[in-house]
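Undergrad: Here it is: the structure, laid out below.
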């Protein structure tokens with residue numbers, strides 16, 4: 001008897017202890033004794049790094065009717081995600097890490113540490129990481145750690161909701177007493193009942209009115225109105241029933257991990273890796289967490305933010321040489337420029353007709369050029385020579401007179417629109433037949449036969465009488481093509497602007513000016529627009545060009561440029577050490593790193609900020 005009492009007492013005691021376990025967990029959680037935390041991943045010794053086979057990464061989970069484990073590791077050689085159990089690892093207390101920006105992107109990694117005391121089969125822990133980057137706060141993908149019973153209850157809620165949806169009647173014939181309706185019609189209205197199989201016996205209007213009752217009235221009479229109303233009420237409660245049964249919906253979007261724990265025997269540590277686009281001037285980012293604990297779909301505790309982690313961003317763009325760069329050029333006292341206009345004239349005429357062809361728009365464009373020149377304070381117009389040219393058709397002597405008349409006509413027209421002090425500077429000249437331009441057009445023509453092009457060009461060599469050459473060309477089969485397609489391009493008016501720089505005595509002066517193109521390339525480099533920086537700085541073949549190549553991860557091109565630079569510059573040596581290290585030439589990289597420190601010992605501090613240079617130095621420390 002006593003033995004039975006002892007056994008009963010022990011059973012009651014164990015039940016009490018078990019029932020108090022969640023209560024004690026919550027006491028510890030609410031008191032802050034137990035909480036999740038963040039830590040910087042531990043770094044293995046450098047000599048072991050080459051043997052490292054896997055790195056912990058993240059995967060997105062998929063839903064299943066059964067509780068699932070979705071921890072994974074990524075094989076760095078194959079790139080495949082390999083399933084693993086809950087990770088047990090030691091916690092690292094470092095609160096910051098130096099990370100490198102490469103090709104415009106930054107990758108950070110941190111561990112989310114969840115102690116075993118936060119795990120319970122009835123709970124779900126929602127961890128919401130966020131990152132502070134400059135003035136913005138960016139939410140990262142969430143982590144969900146779900147207990148087995150919690151997930152089972154979620155799935156059970158979906159099952160209940162699906163059962164409720166299945167109870168809603170979608171077939172409207174279920175509301176009609178079809179059997180009774182058919183018996184009624186067959187017994188009292190056999191003609192109408194015959195329409196069940198042959199609608200051609202009685203037309204539809206007659207069928208509706210044969211016995212003073214319509215089809216609608218018969219249908220309403222045999223409708224199960226109570227059943228229909230109950231079904232409509234179910235439809236109206238769809239939203240409420242979803243909230244009732246699915247208290248905490250299973251989320252599939254924006255989730256980095258949703259893992260169901262089958263046991264709570266160990267701490268949960270998740271390696272979180274996040275890669276993002278860097279920003280100009282970005283020096284650091286901070287990471288923290290927002291955590292909530294749920295039971296039965298209700299939040300039972302909100303965790304305070306743990307101490308944040310700080311990642312200091314090292315960018316090669318900070319090594320850019322932004323000193324002004326100047327270019328040497330020769331400044332001429334006399335300045336010449338020209339423009340050409342295709343002004344049409346009627347055959348044999350020299351009258352400027354603004355209604356002919358594109359004359360109006362061409363003349364407006366010329367006047368705009370003249371206005372632009374007159375507005376410049378650094379140039380003074382000496383003369384504007386107007387030269388009209390004709391095609392080789394007709395006698396050369398007549399074309400000379402015609403081109404002179406057309407030049408003078410255009411000069412008079414332009415003179416009406418320019419400032420009065422400019423009118424004496426307008427000069428008229430003539431180019432009777434533009435044979436030089438004809439030679440260029442024929443040489444580049446793709447329509448005429450090559451033999452025809454060669455014949456025409458040969459005729460023009462050493463030409464003494466243009467009329468003879470023109471007559472010989474007129475006998476060729478290609479002459480019609482020349483007249484219709486090529487000759488019109490020779491009838492143009494050229495405007496030659498002859499100017500000088502006021503106050504300049506010497507004919508030429510050597511001077512310098514800021515190279516704005518180069519400085520735009522440096523700005524693009526500092527703004528992390530590496531493709532633009534490379535395209536601008538490539539021709540300069542200097543330090544910043546090499547830095548742009550390295551920033552864009554064009555390491556061989558960078559090494560090629562650095563090989564032509566001065567090795568006595570500590571920054572050049574530093575970049576050589578880094579690019580050689582990237583290419584796997586570690587011994588040679590260390591030589592240039594030592595040379596860099598010999599010129600500038602401060603560069604040692606810079607190397608501590610660049611993770612890849614820091615790793616290079618550590619390799620030598622572990623392998624002297």
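Undergrad: Return the total of residues in region 451-473 being over 60 Å from the mean Cα position of the chain (by Cα) and surrounded by fewer than 16 Cβ atoms within 10 Å (Cβ to Cβ).
TA: So the answer is 8.
Undergrad: Which condition from (1) outside any helix (DSSP H, G or I); (2) within 53 Å of the chain's Cα centre (by Cα); (3) touching a residue at least 24 places away in the same chain (Cβ under 8 Å) is the one that residue 446 breaks?
TA: Among (1) outside any helix (DSSP H, G or I); (2) within 53 Å of the chain's Cα centre (by Cα); (3) touching a residue at least 24 places away in the same chain (Cβ under 8 Å), residue 446 violates only (3).
Undergrad: I would also like to ask the following. Just for region 298-326: of the residues that are more than 33 Å from the chain's Cα centre (by Cα) and without any contact (Cβ under 8 Å) to a residue 60 or more places away in the chain, which one is farthest from residue 543 (Cα to Cα)?
TA: Within region 298-326, the match that is farthest from residue 543 (Cα to Cα) is 298.
Undergrad: Output the residues belonging to region 374-395 that are crowded, with 16+ Cβ neighbours inside 10 Å and under 20 Å from residue 486 (Cα atoms).
TA: Result: 387, 388, 389, 390, 391, 392, 393, 394.
Undergrad: Anything in region 480-491 that is closer than 22 Å to residue 402 by Cβ and surrounded by fewer than 17 Cβ atoms within 10 Å (Cβ to Cβ)? List them, or say none.
TA: Scanning region 480-491 gives 483, 484, 485, 488, 489.
Undergrad: Of the numbered conditions (1) part of a helix (DSSP H, G or I); (2) out of contact with any helix residue (DSSP H, G or I) (no Cβ under 7 Å at 6 or more places or on another chain), residue 498 satisfies every one except a single condition; which is it?
TA: (1)
Undergrad: Taking residue 504 as meeting all but one of (1) surrounded by fewer than 15 Cβ atoms within 10 Å (Cβ to Cβ); (2) out of contact with any strand residue (DSSP E or B) (no Cβ under 9 Å at 6 or more places or on another chain); (3) over 23 Å from residue 278 (Cβ atoms), write down the number of the exception.
TA: Unmet for residue 504, out of (1) surrounded by fewer than 15 Cβ atoms within 10 Å (Cβ to Cβ); (2) out of contact with any strand residue (DSSP E or B) (no Cβ under 9 Å at 6 or more places or on another chain); (3) over 23 Å from residue 278 (Cβ atoms): (2).
Undergrad: Can you say whether residue 494 is touching a strand residue (DSSP E or B) at 6+ places or on another chain (Cβ under 6 Å) and surrounded by fewer than 20 Cβ atoms within 10 Å (Cβ to Cβ), as far as the supplied structure shows?
TA: Yes; evaluated as a whole, the condition is true for this residue.
Undergrad: Name, by its number, the condition in (1) assigned to a helix (DSSP H, G or I); (2) touching a residue at least 40 places away in the same chain (Cβ under 8 Å); (3) touching a helix residue (DSSP H, G or I) at 6+ places or on another chain (Cβ under 8 Å) that does not hold for residue 528.
TA: (1)
Undergrad: Residues of region 249-298 being assigned to a loop (DSSP other than H, G, I, E, B) and more than 30 Å from residue 312 (Cβ to Cβ), which ones?
TA: Answer for region 249-298, where residues must be assigned to a loop (DSSP other than H, G, I, E, B) and more than 30 Å from residue 312 (Cβ to Cβ): 249, 250, 251, 252, 253, 262, 263, 264, 265, 266, 296, 297.
Undergrad: Against the condition assigned to a helix (DSSP H, G or I) and under 30 Å from residue 506 (Cα atoms), how does residue 337 come out, does it pass?
TA: No; evaluated as a whole, the condition is false for this residue.
Undergrad: Considering each residue of region 415-430, count those that are buried (at least 18 other Cβ atoms within 10 Å of the Cβ) and at pLDDT 90 or above, and give that number.
TA: Final tally of qualifying residues: 2.
Undergrad: For region 483-525, which positions are in contact (Cβ under 8 Å) with a residue 12 or more places away in the chain and within 21 Å of residue 452 (Cβ to Cβ)?
TA: Passing the criteria: 483, 485, 486, 487, 488, 489, 490.
Undergrad: Scan region 515-528 and tell me whether some residue there is surrounded by fewer than 17 Cβ atoms within 10 Å (Cβ to Cβ) and over 16 Å from residue 320 (Cβ atoms).
TA: yes
Residue-wise test of (1) farther than 25 Å from residue 96 by Cα; (2) without any contact (Cβ under 8 Å) to a residue 24 or more places away in the chain; (3) assigned to a helix (DSSP H, G or I).
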position: 579; (1), (2), (3): yes, no, yes
position: 588; (1), (2), (3): yes, yes, yes
position: 591; (1), (2), (3): yes, yes, yes
position: 594; (1), (2), (3): yes, yes, yes
position: 606; (1), (2), (3): no, no, yes
position: 613; (1), (2), (3): no, no, yes
position: 618; (1), (2), (3): no, no, yes
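The values are calculated or read from the model by the stated rules, or taken from the named source; none is laboratory data. All values derive from a computational prediction rather than experimental measurement. We place every Cβ from the backbone using ideal geometry, glycine too, and count neighbours over all the protein chains shown.
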